[in-house]
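Structure first, then comments.
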Amino acid sequence: MKYKSQQIAYWFFALCILLFALQITYGFIMGFARIGWDGLHDIIPFNTARAVHTNLLVVWLLSGFMGAAYYIIPEEAQRELVSVKLAFVQFFSLALVGVIAIVGYHFNYWEGRKFLEIPRELDYLVVVNVLLFLGLILTTLFKGKRQTTTAMVLSMGLLFAALLYLPGMIWFDSQVMDSFFRWWVVHLWVEGVWELIMGGILAFLLIKLTGVDREVIEKWLYVIVGLTFLSGVLGTGHHYYYIGVNKIWLVVGGIFSALEPLAFLGMALFAVYMYRKGEKKHPNKLALFWTIGSAIVSFIGAGLLGFAHTLPQTNLYTHGTLVTAMHGHYAFWGAYAMIVLAIISYSVPNMTGRKRFDKTAGHMAFWLSNIGMLGMVVALGVAGVVQVYLERRLKMDFMVAQEETKIHFVVMLLCATLFTVGIVMYMYEFIRYGKPSDEALEPAA
Ligand code: HEM
Ligand code: HEM
Ligand SMILES: [Fe+2]
């Protein structure tokens, strides 16, 4: 590590780990409720648990992206962050907004808009926080010695993500309009600008871990950005099939969203190809596992499992079922959770000076969490197909069909336990050995 201010990333990663642990807890509350063990129902009903589970996910990922930017941007721009003090202010205000939102959800202080449950008043706090973050990152980047493609793609991803938060804040009396613009946030985030963030982090990690020339890696990055925009923007149409807008979206959404897996395929090929081309064998194999793993699993979770329900003919049956939950878990896990865990695995040893790359615990964490998540996704997928068949084909009553999926949630919970054991090992390593140390600073050249 070259710049002391990069160590601010540690605090964002610590927040990540904490919120991730809470997210998993709420996942279990819902999983148990699904098999009839809903003792907490009066305090934390399913809908509250669901909103908390998904919002914690988004907040810990954003915290991870911010940590990644605070680590990557000074190194790419070759200068210290413009203000570490303000970065701490931004950190604490992010944690504060997160806490207010999550606590509020337990007191019914939320809006019933999936993923955008944060009440509008709080949205303004989010905006202020993100403006401060962007100000710090962008001034550091532009005052720096160089503006690399990697840093630009990462920063543009973060900037566009912030801009796209705004359409979700407009108030509409019409349910159709509200739904239309809600997807500008939800879809254009995960299938648009967040892919730029992922691509930026991925490129940075591949440059560091494989030793392949920056020029080669950044050329690929352009291709991925191009494919993302080409397919992802009009691909929004796959959420417009049956919400009450013009029928043209059936065609537009179907065609363009069917092309979306290409960007993820590009990412997977890119990572594997760079890995094979790389001569420099970086000793941090664990970070490399998470990096390549993220590129591959995102192709399966987002690309293949997304494609599985994206055509209007299938989506007519699968919309809003456990098939969606299956895809949601694997796509978020592969594309965004794993890339955040990758940058943490890469940067923490650099911030602490402890070269703990090859410890068994770290490798166990990788394999157990991945095998566990794959099992969860298969269980959700089977439950989803059962649900679609019984409820949508045989027209069975919703609750009767739900009963039939119970057994699959038992399997899911077993796999979730395996997943959690892996994640606990990851967290243990982070808490025990993650504290930054100034001894890690490289002597100035
Ligand atoms: C990393 C990228 C992705 C993530 C994190 C992701 C995540 C999600 C989530 C959480 C939902 C549920 C949203 C809601 O109901 O509010 C969803 C829905 C959906 N996703 Fe993705 N997705 C990704 C990429 C893709 C891709 C590439 C495709 C298509 C090839 C796709 C196809 C769909 C479809 C069709 C739905 C609607 C499901 C329904 O009607 O219930 N997704 N996605
Ligand atoms: C390990 C423990 C976990 C358990 C037991 C769990 C369980 C659940 C359950 C029961 C639901 C609600 C499904 C429904 O509507 O019936 C859900 C939703 C969701 N979970 Fe998890 N989850 C876990 C971890 C995760 C992780 C690690 C991620 C992300 C990487 C994640 C992402 C999501 C998403 C995106 C949704 C919303 C899906 C949708 O829109 O349909 N979960 N989870
Ligand atoms: Fe989408």
Requested in this report: Determine, for each peptide in 21-28, 272-279, 334-341, 345-352, the mean count of other beta carbons within 10 angstrom over its residues, then list the peptides with the highest first.
Outcome: 334-341, 345-352, 21-28, 272-279
Query raised in the report: Quick one: Karplus J couplings for the range 110-115, per residue in order, coefficients 6.51, -1.76, 1.60, θ = phi - 60°, nearest Hz, x for Gly and Pro?
Result: 6, 9, x, 10, 2, 6
Requested in this report: Please identify every one of the chymotrypsin sites (Phe, Trp or Tyr not before Pro) in the range 144-198 that sits in a loop by DSSP and has no more than 13 other beta carbons within 10 Å of its own beta carbon.
Outcome: Trp171, Phe172
Query raised in the report: Once the whole set of protein chains is in place, how much accessible area is left on Thr139, using a 1.4 Å probe, in Å² to the nearest 10?
Result: 70
Report task. Might you tell me the accessible area per residue for the range 1-147, computed with a 1.4 Å probe and given in Å²? Result -> 42
Requested in this report: Report the net charge of residues surrounding Ala302, where surrounding means a beta-carbon distance below 15 angstrom and charges are Lys +1, Arg +1, Asp -1, Glu -1.
Outcome: -3
Query - Accessible surface ranking that places the most exposed of Tyr222, Tyr71 first, with a 1.4 angstrom probe - result: Tyr222, Tyr71
Query raised in the report: With point charges of +1 on the Cβ of Lys and Arg and -1 on the Cβ of Asp and Glu, referenced to the Cα centre of the chain, which listed residue (Ile137, Phe181, Leu205) lies farthest in the positive direction of the dipole?
Result: Leu205
Requested in this report: Find the centroid of the Cα atoms in the range 112-132 and in the range 273-291, then give the distance between the two in whole Å.
Outcome: 38
Report summary line: Taking max minus min of the Cα coordinates of the range 1-147 on each principal axis, largest first, gives extents in Å of 58, 30, 22
Report task. Give, as a single signed number, the net charge of other residues whose beta carbon lies under 13 Å from the beta carbon of His327, with Lys and Arg counted +1 and Asp and Glu -1. Result -> -2
**Report entry** Rg/Rh for the range 220-269, where both radii come from Cα atoms and Rh is the Kirkwood radius
**Finding:** 1.09
Query raised in the report: To the nearest 10 square angstrom, what accessible area does Met396 show with a 1.4 Å probe?
Result: 70
Requested in this report: Express the carbon and sulfur contribution to the solvent-accessible surface of the range 110-203 as a percent, rounded to the nearest whole number, probe 1.4 angstrom.
Outcome: 73
Report task. Roll a 1.4 Å probe over the protein heavy atoms and report the accessible area of His329 in Å², nearest 10. Result -> 50
Query raised in the report: Helix hunt in the chain: which complete DSSP H runs extend at least 18 Å axially by C-alpha with mean Kyte-Doolittle at least 1.0?
Result: 9-34, 84-105, 120-143, 149-163, 194-210, 214-235, 261-277, 285-298, 338-352, 360-387, 406-433
**Report entry** Candidates Gly254, Gly36, Gly98: whichever shows maximal mean-square fluctuation once the chain is modelled as a Gaussian network with Cα springs under 10 Å
**Finding:** Gly36
Query raised in the report: Can you work out D for the chain in µm² s⁻¹ from Stokes-Einstein, where Rh is the Kirkwood radius over C-alpha pairs, the temperature is 25 °C and the viscosity is 0.890 mPa s?
Result: 110
Query raised in the report: For Leu166 and Ile100, what does the FRET efficiency come to when R0 = 30 Å and r is the distance between their Cβ atoms, rounded to the nearest 0.05?
Result: 0.90
Query raised in the report: Taking a spot 7 Å from the Cα of Asn47 along the direction of its beta carbon, which residues of the range 74-108 have an amide N less than 18 Å from it?
Result: 102-108
Report summary line: At the level of C-alpha centres, the distance separating the range 138-189 and the range 25-52, in angstrom, is 32
Report task. Report the charge-dipole magnitude of the range 1-147 in Debye, nearest 20, computed about the Cα centre from +1 at each Lys and Arg Cβ and -1 at each Asp and Glu Cβ. Result -> 600
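The values are calculated or read from the model by the stated rules, or taken from the named source; none is laboratory data. Keep in mind that what you see is a predicted model, and the values were worked out from it rather than measured. So basically every Cβ, Gly included, is an ideal-geometry build from the backbone, and we count neighbours across all protein chains shown. Keep in mind that these areas ignore ligands, DNA and RNA; they rest on the heavy atoms of the full protein, side chains included. Shrake-Rupley method; radii C 1.70, N 1.55, O 1.52, S 1.80 Å.
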